[in-house]
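The values are calculated or read from the model by the stated rules, or taken from the named source; none is laboratory data. Fair warning: this is a prediction, and the values are worked out from it, not measured in the lab. Neighbour counts run over all protein chains shown; Cβ positions are idealised from the backbone, glycine included. Just so you know, the surface numbers come from the protein's heavy atoms only, side chains and all, with ligands and any DNA or RNA stripped out. Shrake-Rupley method; radii C 1.70, N 1.55, O 1.52, S 1.80 Å.
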Amino acid sequence: MESRHPQSTPRPDVDDSDAGLVVSAPKRSAAGLPSLSETLPHAVAEMGPVRAWQALRALNQKDGFDCMSCAWPDPPDRKLAEFCENGAKAVGWEAEPLRIPTEFWAENSLTDLASHAEFWLGQQGRLVEPVYKAAGSDNYRPISWDDAFGIIARELNALDSPDEATFYTSGRTSNEAAFIYQLFVRAFGTNNLPDCSNMCHESTGLALGDTIGVGKSAVSYTDFAKSDLIIVMGQNPGTCHPRMLTALEEAKRAGASIVAVNPLPEAGLINFRNPQRPRGLIGKGTDLADQFLQIRLAGDMAMLQALSKRVLEAERAAPGTVLDHAFIEEHCEGFEEFAAHVAQLDEAQVSAATGLRAEEIDELAARYLKAERVIVTWAMGLTQHKKAVPTIKEIVNLLLLRGNIGKPGAGPSPIRGHSNVQGDRTMGIWEKMPPAFLDAVRDEFHFEPPREPGDDVVDSVRGMRDGRIKVLVALGGNLVHAISDTGAAEPAIRKTRLSVQISTKLNRSHVVTGEQALILPTLGRTEIDRQAAGEQFVTVEDTVCAVHASSGRLEPIAPGVLSEVAIVSRMARAVLGESVPVDWRAFENNYDVIRNHIEHVVPGFDDFNTRIRVPGGFVLPHGPRDARRFPTASGKAIFTVGELETIQVPPGRLLLQSVRSHDQFNTTTYSMNDRYRGVKKGRMVLFVHRDDLASLGLADGGYVDVHSEAPDGVDRVLRQLRLIAYPTARGCATAYFPEANVLVPLDSTAEGSNTPASKSVIVRLERVPAPA
């Protein structure tokens, strides 16, 4: 395809196949010179030298913009380069000057676009004009903003009930956009506000909310360097939040012990070569994990109960010297029931569930007993199992035994993945916001919001599948590629009357559409946001409850591209008219107006506009962390009793998890490589232990179809994966997300949280020929 504007020419020749797949040994260290050699050339190639310099020097700085690629907190003192390799790639992906030209839409049908992988779609450039797919058409065509909002208003207002629409949110959305989005949705009349939290840390929010009263991390950034022991569970910081490795290195240098609990050995937890230290560039780096427990998938709950059992046994052997009795007496309830339950734990069941030797658990117990201050961190490796919620509650049980919460260097620390996924929930993006929040919305805006709980992500897909939900609006994200059970999700979305995507770049959700579809282009986090009152900034909340400003520094990709706030404000005006007394135009003109309302509605945001202008922002109050004050029904932290349930994997089957590659952020792939795991130019691979391959009569380099085995009897298949003999836990297999979503049944979810159980899928492998 030729163009009058070479910088605007899409990349039709991007190779998104696995034809050149190369496999080598996995790496034993992360970052270092290879990271530098990846980061700077990639940024310059994507953005050009001037734009790259402007973007990277502002990334994660107090007067710059917040990285969109993770929610890891910023240190009090910022370095000149306060970003990681993946953050730089995320910025390059968003801030590239390449634009999709108008003629692209006539030349590329949806059928054509659907034949390409996610990587190819993302490489075509930035979206710069609203486009519309009419019913019966196989192409998008450009449309005016007014006409686009008119279509949304027509379809939403034609519904028999507001509950026939669902409104998805991605974690990249700012606090300001999220707040007015939930306001619009509730003014429209529904609580159908699914978001990406439903697919990641929903289990965390429920577990922590039930036990300590706050569903967020109970530590700060500086707590890591004050800790004696950091247990990292179900998490790969070297890929998913690489700046965490710096905090772990600081903790290690301060004397902390680090333990990694994971089915896969991950390079970032073995050794970190800090590219900002001479030792990291020319030396051997810093060994991080003092102990690696290679646990089987879904075995974490059993291991945690076994740890607590050993702590209680140590107390019985030396009464009054192990447990924090004063803390338990004053601040906890349920201890006796928990202690009695754990005392009956079957060690044989623990061994079967975890694949660990008793001596390995003994060693970790000894580390825990020696430490005065303990942090436990976790991510998707814990939250995406059937028993995710009780597993996370076992983390709380373990920490409560020795008072490891509400003191420096200690506490539970879930690590969020998306940059403002936590802030969106704080702003009201949740289908089940508590009555106090809804009362505050009513009092501030003088309308009665709906009170019935709405649909989360899984229930929204069910609703679209069943014809109950007829309109999907998505503020960012890539829902169809992120949700489980691709074979159910794609037909469900195609049954809607209208799907609306508010996006910066093309993704799979733009080619799997309703009868009608709209794509509304929006400014990125990197770009200057000019409104009637002047240049605007937005705010975000990181994984440790710190709120800070984010100001774009690059010129917008094209004239006429609107901010998320402007899009939501205009959409609300078009749909609602004068039906509610809300000045949507004022929100768009000046984001201070939004923050003034947030101050009145959301606890912890007193004097918001003043405090957010202090460099570095402020930290939200957190009762358990700040004062050992637990906002549960009883006012105390709660020990819980969880019944252990081991997944029974039939002979000849494996337990599968899906993971990101290194060059990936959520569903966005920056390249077809996974450097740390030794995979280059391909993604259709399956990691299996060499001994498991042998027992199945398979071999490294062979190809298989992967079939999931679920109670519903549906044969879900991921075809032609190249086998890689890999040092994973025995009985376990790993494939890439989101490709492996096709294997996860929609109804296979975590108890209580309804999060897809993507980390524990029973599969069988069937040998097939290599691709032609």
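Just name one of Gly417, Ala365, Leu382: the one whose Cα is farthest towards the positive end of the charge dipole of the range 363-438 (beta-carbon charges, Lys/Arg +1, Asp/Glu -1).
Ala365
Longer than 22 Å from Cα to Cα, which of Lys386/Lys407; Lys309/Lys370; Lys27/Lys216; Lys62/Lys89; Lys252/Lys386 are they? Say none if no pair is. Don't skip to the end; give the middle numbers.
Details: Lys386/Lys407 31 Å; Lys309/Lys370 16 Å; Lys27/Lys216 33 Å; Lys62/Lys89 20 Å; Lys252/Lys386 34 Å.
With Cα atoms farther than 22 Å apart: Lys386/Lys407; Lys27/Lys216; Lys252/Lys386.
Express the accessible area of the chain per residue in Å², computed with a 1.4 Å probe while the remaining protein chains stay in the model.
Numbers: 26640 Å² over 772 residues.
With all protein chains present, the chain gives 35 Å² per residue.
Just to be sure I understand, if you calculate Rg/Rh (Cα atoms, Kirkwood Rh) for this structure, which of (i) 0.98; (ii) 1.29; (iii) 0.95 do you get?
(iii)
List the aspartates and glutamates whose Cα lies under 13 Å from the Cα of Lys495, skipping any in the same chain that are fewer than 8 positions away.
Glu164, Asp466, Glu515
Whole-Hz ³J(HN,Hα) for each residue in the range 556-568, computed from phi via Karplus 6.51 cos²θ - 1.76 cosθ + 1.60 with θ = phi - 60°, x for glycine and proline: what do you get?
x, 4, 6, x, x, 6, 9, 6, 4, 4, 5, 5, 5
Treat each spin label as a single point 7 Å out from the Cα along the C-beta direction, and report the Ala586 to Ser144 distance in nm.
Inter-label distance under the simple model: 2.9 nm.
Any idea what Rg and Dmax come out to for the range 498-623 if you just take the C-alpha atoms, in Å?
Reported Rg and Dmax, both Å: 16.5, 48.
If I take every Cα pair under 8 Å that is 6 or more residues apart in the range 374-481, average their sequence separation and divide by the length, what percent do I get for the relative contact order? Mind showing how you got there, number by number?
On the way: 59 pairs, mean separation 21.6, N = 108.
With pairs under 8 Å counted, the relative contact order is 20 percent.
Within the set of other residues whose C-beta is less than 12 Å from the C-beta of Val742, count the net charge using Lys and Arg as +1 and Asp and Glu as -1.
Value of the local net charge: -3.
What number, in percent, do you get for the relative contact order of the chain if the mean sequence gap of Cα pairs under 8 Å and at least 6 apart is divided by its residue count? Mind dumping the intermediate values first?
Working: 1770 pairs, mean separation 164.8, N = 772.
That works out to 21 percent.
Could you let me know the centre-to-centre spacing of the range 223-259 and the range 395-465, using Cα atoms, in angstrom?
So the separation of the two Cα centres works out to 26 Å.
Averaged over every viewing direction, what's the projected area of the C-alpha convex hull for the range 197-284? Give it in nm², one decimal, please. Each step should come with its number before you reach the end.
On the way: hull surface 27.2 nm².
Projected over every direction and averaged, the Cα hull of the range 197-284 covers 6.8 nm².
What whole-number distance in Å separates the alpha-carbon centres of the range 88-112 and the range 640-676?
30 Å
In the range 73-166, what percent of the accessible surface is made up of carbon and sulfur (1.4 Å probe, ligands and nucleic acids excluded)? Please list the in-between numbers first.
Working: 1730 of 3380 Å².
The nonpolar share, carbon plus sulfur, comes to 51 percent.
Tell me, what ³J(HN,Hα) does each residue in the range 179-194 have, in order and in whole Hz, if you take phi through Karplus 6.51 cos²θ - 1.76 cosθ + 1.60 with θ = phi - 60° and put x for Gly and Pro?
Once θ is set to phi - 60°, the couplings for the range 179-194 become 5, 6, 5, 5, 5, 4, 5, 6, 5, 5, x, 9, 9, 6, 10, x Hz.
Can you tell me the dipole magnitude for the chain around its Cα centre, using point charges on the Cβ only (Lys, Arg +1; Asp, Glu -1), in Debye to the nearest 20?
Values: 81 positive and 99 negative charges, 374 e Å.
I would put it at about 1800 debye.
Ranked highest first by average number of other Cβ atoms within 10 Å, how do 443-452, 62-71 line up? Show your work: numbers first, answer last.
Details: 443-452: 14.1, 62-71: 23.8.
Per-residue mean Cβ counts within 10 Å order the peptides as 62-71, 443-452.
5 Å is the cut-off here: which amide hydrogens, built 1.01 Å from N in the peptide plane, fall below it relative to Asn404, excluding neighbours closer than 5 in sequence?
Sorted by chain and number, the residues that satisfy this come to none at all.
Give, in nm to one decimal, the length gained when the segment between Ala770 and Asp466 is fully stretched (0.36 nm per residue of separation minus the Cα-Cα distance). Show your work: numbers first, answer last.
Working: separation 304, 0.36 × 304 = 109.44 nm, distance 3.82 nm.
Computed gain between Ala770 and Asp466 is 105.6 nm.
Please list, ordered by chain and number, the residues whose modelled amide H lies under 5 Å from the amide H of Glu541; skip anything fewer than 5 residues away on the same chain.
For Glu541, the qualifying residues are Gly423.
For the range 623-668, compute Rh as the Kirkwood radius over C-alpha pairs and then the Stokes-Einstein diffusion coefficient at 20 °C and 1.002 mPa s; write the answer in µm²/s, rounded to an integer. Please list the in-between numbers first.
Values: Rh = 16.0 Å.
Calculated translational D: 134 µm²/s.
Which of the peptides 760-772, 36-48 is most tightly packed, and how do the rest follow, going by the mean number of other Cβ atoms within 10 Å of each residue? Mind dumping the intermediate values first?
On the way: 760-772: 15.6, 36-48: 17.9.
Ranking, from highest mean packing down: 36-48, 760-772.
Rounding to the nearest 20 debye, state how big the charge dipole of the range 665-772 is about its Cα centre with +1 on each Lys and Arg Cβ and -1 on each Asp and Glu Cβ.
Details: 13 positive and 12 negative charges, 124 e Å.
Once rounded to the nearest 20, the dipole reads 600 debye.
What are the ³J(HN,Hα) values, in whole Hz, obtained from phi via the Karplus relation 6.51 cos²θ - 1.76 cosθ + 1.60 with θ = phi - 60°, for each residue of the range 615-631 in sequence order, with x given for Gly and Pro?
Values per residue, Gly and Pro as x: x, x, x, 8, 10, 5, x, 8, x, x, 6, 7, 8, 6, 10, 10, x Hz.
What are the GluC sites (Glu not before Pro) within the range 541-642 that DSSP puts in a loop, where the Cβ has at most 16 other Cβ atoms within 10 Å? Kindly include the intermediate steps, with their values, before the conclusion.
Details: sites: Glu541, Glu564, Glu578, Glu588, Glu599; in loops: Glu578.
Within the range 541-642, the qualifying GluC sites (Glu not before Pro) (loop, at most 16 other Cβ atoms within 10 Å) are Glu578.
Quick one: give the max-minus-min coordinate of the C-alpha atoms of the range 36-180 along each principal axis, largest first, in Å.
Ordered largest first, the range 36-180 gives principal extents of 54, 37, 25 Å.
Treating the Cα atoms of the range 594-663 as identical point scatterers in vacuum, please give the log10 of the normalised Debye intensity I(q)/I(0) at q = 0.18 Å⁻¹, two decimals.
-0.87
So in the chain, what percent of DSSP beta bridges are antiparallel if you round to the nearest 5? Kindly include the intermediate steps, with their values, before the conclusion.
Values: 39 of 90 bridges.
Counting only bridges with both partners in the chain, antiparallel ones make up about 45 percent.
Sort all Cα-Cα distances of the range 328-422 into consecutive 10 angstrom bins from zero, then give the percent of pairs in each bin up to the one containing the longest distance.
Whole-percent P(r) values from 0 Å outward: 12, 38, 40, 9, 0.
Amide H to amide H under 5 Å from Arg99: which residues, 5+ apart in sequence or cross-chain, H placed 1.01 Å off N in plane?
Ser8, Thr9, Arg126
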